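A.B. asks: I'd like to ask some things about the structure below.
The values are calculated or read from the model by the stated rules, or taken from the named source; none is laboratory data. It should be emphasised that the depicted structure is a prediction, and the values quoted were computed from it without experimental measurement. In this analysis, Cβ positions are derived from the backbone assuming ideal geometry, glycine residues included, and neighbour counts consider all displayed protein chains. The protein model used for the area step is the full one, side chains on, heavy atoms only, and it has no ligands, DNA or RNA in it. Shrake-Rupley method; radii C 1.70, N 1.55, O 1.52, S 1.80 Å.
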Amino acid sequence: VQLTAQSFAASSAAFERREMSESTRIWVKTSALDKAVYGKVRSIAQRSIPGSAIDDAGDNDTVNWGWARGNLVKDDDKGGSANVRVFIQDEDSAHDRKTVDLPADSFTEGNIVVGNTYGDGEDSDDEDDYGRPGFTPGLQYPDDLITLTHLHEPAVVHCLRRRYQYDKIYTSTGPILLALNPFKHCSSIYSESMMKKYWDRGEKSMLHSASASSSEEKKSDEHMLEEAELPPHVYSIADNTFRLMISKLEESNSMVRSAGRGAATAMQGFDQSILVSGESGAGKTVTTKFIMQYLANLSQRSSDSKKRNVGGGRNGKTIERRGSITKTVNIEQQVLKSNPILESFGNARTIRNDNSSRFGKFIEIQFTNTGSLVGASIETYLLEKVRLITQTEGERNYHIFYELLQGMEEDQLDNYFISDYTAEDFNMTNKSGTYDRRDGVDDCETYQDLLEAMDTMGFAPEEQKDILAITCAVLHSSNLTFNSLSADESEIDRENPHLEPVLSLMGFTAENLNRALCYFSIVAGKEKHTRSLPKQKAEKGTEALIKATYGALFTYLVQRINASITLKDEKSQRGSRGSSGKTKAATIGVLDIFGFESFKVNSFEQLCINYCNEALQQQFNLFVLKKEQEEYEREGIQWSFISFPENQDVLDLIDKKGSGILNILDDQCRAPGTTDKTFANDIYQKCTGHTRFEANFRQVGARQFGVHHYAGTVEYDTEGFVEKNRDELPKEATELLLSSTNEFVKKLANI
Ligand SMILES: Nc1ncnc2c1ncn2[C@@H]1O[C@H](COP(=O)(O)OP(=O)(O)O)[C@@H](O)[C@H]1O
Ligand SMILES: [Mg+2]
């Protein structure tokens with residue numbers, strides 16, 4: 001969109017000026033207005049970069065978002081000056097109702113762009129219109145931004161804002177769907193009947209394209225159907241993806257029939273993927289869930305309609321439920337139930353989002369060649385383990401801790417030694433002063449959802465107890481204390497009431513735990529020396545143990561979920577019409593990953609996240625440009641791009657072999673005696689001069705560096721980079737876990 005805006009502004013400026021009259025609606029850059037009126041740009045016009053919203057949590061409702069609406073004042077009224085005279089009519093602007101003269105090059109500079117007219121010629125959406133007969137709110141703002149006559153930044157933002165006012169949270173821009181978080185329940189747009197509408201349309205379009213003979217005809221038919229009444233929706237994206245996969249599979253099936261198996265195995269590209277991207281709190285995870293729900297629903301519908309559901313359910317599994325009532329669940333339900341489990345253990349309340357995923361997730365949904373959902377596999381990335389130890393004010397630790405403290409049945413509490421405690425009693429949960437959720441979600445209820453999800457997933461009751469026991473052991477561990485014996489010697493405080501629960505739940509002896517936390521051993525030659533540790537180090541060791549244990553538990557849960565829901569890939573059978581219709585033929589992958597982050601202090605995690613987003617951005621650029629190019633070729637338009645956002649250089653700065661920041665870090669971590677300081681010096685030496693790298697005097701002094709990302713500059717602090725990249729558990733801790741008498745703990749130690 002940006003590139004279209006620029007190229008549009010530059011190339012057609014001359015034309016516009018000729019065509020304009022006094023009624024020409026325009027958008028003017030606030031910075032240009034400020035400059036003309038005050039002689040300088042006011043800082044209020046500065047826009048925040050994604051992720052930095054934490055700092056400007058103030059009233060952003062009527063923000064000066066960079067553009068103001070107005071009209072062009074007719075040439076003759078200006079008395080022959082070379083300036084462009086505009087009249088601002090925009091309540092959100094500080095220049096409202098003012099006539100301003102702007103430099104003549106304002107068009108070519110892109111400071112003035114032409115506004116769109118909507119509907120019957122007026123950009124009229126004022127409240128007065130509500131009473132007007134036949135007025136449909138928001139109707140004049142198109143479903144697809146591409147249909148706007150003038151497509152540029154203010155047009156896009158204005159259109160989206162207006163649509164948002166009318167609860168039209170979805171807007172297309174070509175093949176991409178823009179979703180705005182409504183922050184309220186919009187039950188009507190996510191109902192079963194809504195899903196059915198999109199499903200029916202998808203079915204019809206498949207029938208059409210199957211019956212259309214030539215591919216040209218197919219295309220226009222598809223186009224026609226896509227244009228049909230249904231507004232843009234995440235269901236539409238999910239449906240299109242599914243149909244695309246199916247049509248490719250069918251194509252290959254027909255090739256098998258006509259040309260034998262060889263032809264079809266050569267065919268690739270059945271698999272589809274949907275990328276959900278946005279900053280924290282934008283609605284990625286919710287959107288991902290809607291996609292999963294739709295695909296699960298679609299699969300069930302199509303299997304019902306094909307009447308293949310014989311004998312207790314196509315994919316029916318009998319599971320034992322709480323109170324040993326048995327119930328049949330199908331794979332679709334199981335796949336959906338992975339969410340409550342992952343959310344309890346991997347989501348937390350943050351300043352921006354009360355249910356913020358603190359890990360990235362790629363879920364691959366598996367289908368047979370007839371479109372039945374047969375499984376899914378989940379991969380997770382980068383669980384934020386520091387959250388276990390420290391939480392910013394206004395944030396919480398992982399939901400599970402509050403959920404079980406709130407929601408566990410009375411008679412269970414004693415088993416985990418938590419009957420006397422609340423979240424206010426544990427160091428892990430009481431430091432940020434935040435205990436609740438603002439989004440109206442009740443911890444007791446989510447705890448019940450978790451138990452139900454674990455049942456559905458087929459977690460045995462014993463296994464569930466093990467999981468809860470470890471979680472409670474982690475809570476108790478955060479309260480362990482140490483006595484200082486001398487400046488470099490300490491011992492675990494045996495009077496601490498939390499010690500016994502830790503030992504009991506983890507299957508440790510007090511001696512083993514004490515040895516693991518208060519001592520360390522070094523091997524010199526063939527001899528092993530054991531040294532004592534000061535209290536402070538023992539406390540650090542406890543933190544490392546907590547992170548390792550919880551991290552392993554999370555990994556275990558993901559593996560365990562996959563064991564329940566993933567249909568094992570038999571490569572040789574891929575695409576075959578094999579046994580019982582349960583062969584995986586293709587997948588739809590959905591990526592829900594941290595958006596771009598930029599905080600006051602940015603560390604290794606932010607670099608990894610932003611690196612990932614750079615890579616996705618590049619993928620996105622290529623995809624959009626490729627699509628655009630195809631479109632132009634199809635329409636026989638001569639084209640050349642003036643510029644496009646290229647970010648390969650940022651990727652090089654971060655990951656290039658030999659000179660990339662992450663490579664330098666890896667090299668440093670392999671070398672002995674490395675510290676964050678040696679790492680910082682190494683990058684200053686190797687990266688300075690790179691156009692995307694910044695290390696000024698102040699930054700070098702503070703061992704920081706800046707990276708000019710596609711979404712803005714982020715300043716990273718090298719403190720902790722080396723330790724975080726190594727992510728090593730001291731071998732004492734590993735030995736401790738392995739020494740456990742608890743089989744489940746041993747299992748975690750081996751993860
Ligand atoms: N489509 C939607 N409808 C209603 N509420 C939504 C929607 N999308 C997001 N939300 C609200 O916003 C919150 C944050 O969304 P989430 O998907 O967790 O953000 P992200 O994963 O991008 O950080 C959700 O907990 C929910 O309250
Ligand atoms: Mg999320």
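A.B. asks: Which number in (1) open to solvent by less than 40 Å² (accessible area, probe 1.4 Å); (2) modelled with pLDDT of 80 or more; (3) assigned to a helix (DSSP H, G or I) marks the one condition that ALA264 misses?
C.D. replies: Unmet for ALA264, out of (1) open to solvent by less than 40 Å² (accessible area, probe 1.4 Å); (2) modelled with pLDDT of 80 or more; (3) assigned to a helix (DSSP H, G or I): (2).
A.B. asks: Within the stretch 49-78, work out how many residues are open to solvent by less than 70 Å² (accessible area, probe 1.4 Å) and modelled with pLDDT under 85.
C.D. replies: 12
A.B. asks: Which one of these does ALA510 not meet: (1) at pLDDT 95 or above; (2) touching a Phe, Trp or Tyr at 6+ places or on another chain (Cβ under 6 Å)?
C.D. replies: (2)
A.B. asks: If we keep just the residues of the stretch 181-194 that are within 12 Å of ligand 1 (Cβ to nearest atom) and open to solvent by 50 Å² or more (accessible area, probe 1.4 Å), which is nearest to VAL156 (Cα to Cα)?
C.D. replies: PHE183
A.B. asks: Could you list all residues from the stretch 437-461 that are touching a residue at least 40 places away in the same chain (Cβ under 8 Å) and assigned to a loop (DSSP other than H, G, I, E, B)?
C.D. replies: ARG437, ARG438, ASP439, VAL441, MET457, GLY458, PHE459, ALA460
A.B. asks: Select from the stretch 127-154 the residues that are open to solvent by less than 100 Å² (accessible area, probe 1.4 Å) and of a type in the set (Asp, Glu) and write down the one among them that is modelled with the lowest pLDDT.
C.D. replies: ASP129
A.B. asks: I'd like to check something: does the stretch 517-531 contain any residue that is buried (at least 19 other Cβ atoms within 10 Å of the Cβ), in contact with a Leu (Cβ under 8 Å, 6 or more places away or on another chain), assigned to a helix (DSSP H, G or I) and of a type in the set (A, V, I, L, M, F, W, C)?
C.D. replies: Yes, the stretch 517-531 contains at least one residue that is buried (at least 19 other Cβ atoms within 10 Å of the Cβ), in contact with a Leu (Cβ under 8 Å, 6 or more places away or on another chain), assigned to a helix (DSSP H, G or I) and of a type in the set (A, V, I, L, M, F, W, C).
A.B. asks: Please work out which residue is farthest from ligand 2 (Cβ to nearest atom), limiting yourself to the stretch 270-281 and to residues that are open to solvent by 40 Å² or more (accessible area, probe 1.4 Å) and assigned to a loop (DSSP other than H, G, I, E, B).
C.D. replies: Checking each candidate, the answer is ASP271.
A.B. asks: At pLDDT 60 or above and under 33 Å from the mean Cα position of the chain (by Cα) - does that describe any residue in the stretch 100-110?
C.D. replies: yes
A.B. asks: Restricting to the stretch 342-367, name every residue that is surrounded by 23 or more Cβ atoms within 10 Å (Cβ to Cβ) and away from ligand 1 (no atom under 16 Å from the Cβ).
C.D. replies: Once the filter is applied, which keeps residues that are surrounded by 23 or more Cβ atoms within 10 Å (Cβ to Cβ) and away from ligand 1 (no atom under 16 Å from the Cβ), the stretch 342-367 yields ILE365, GLN366, PHE367.
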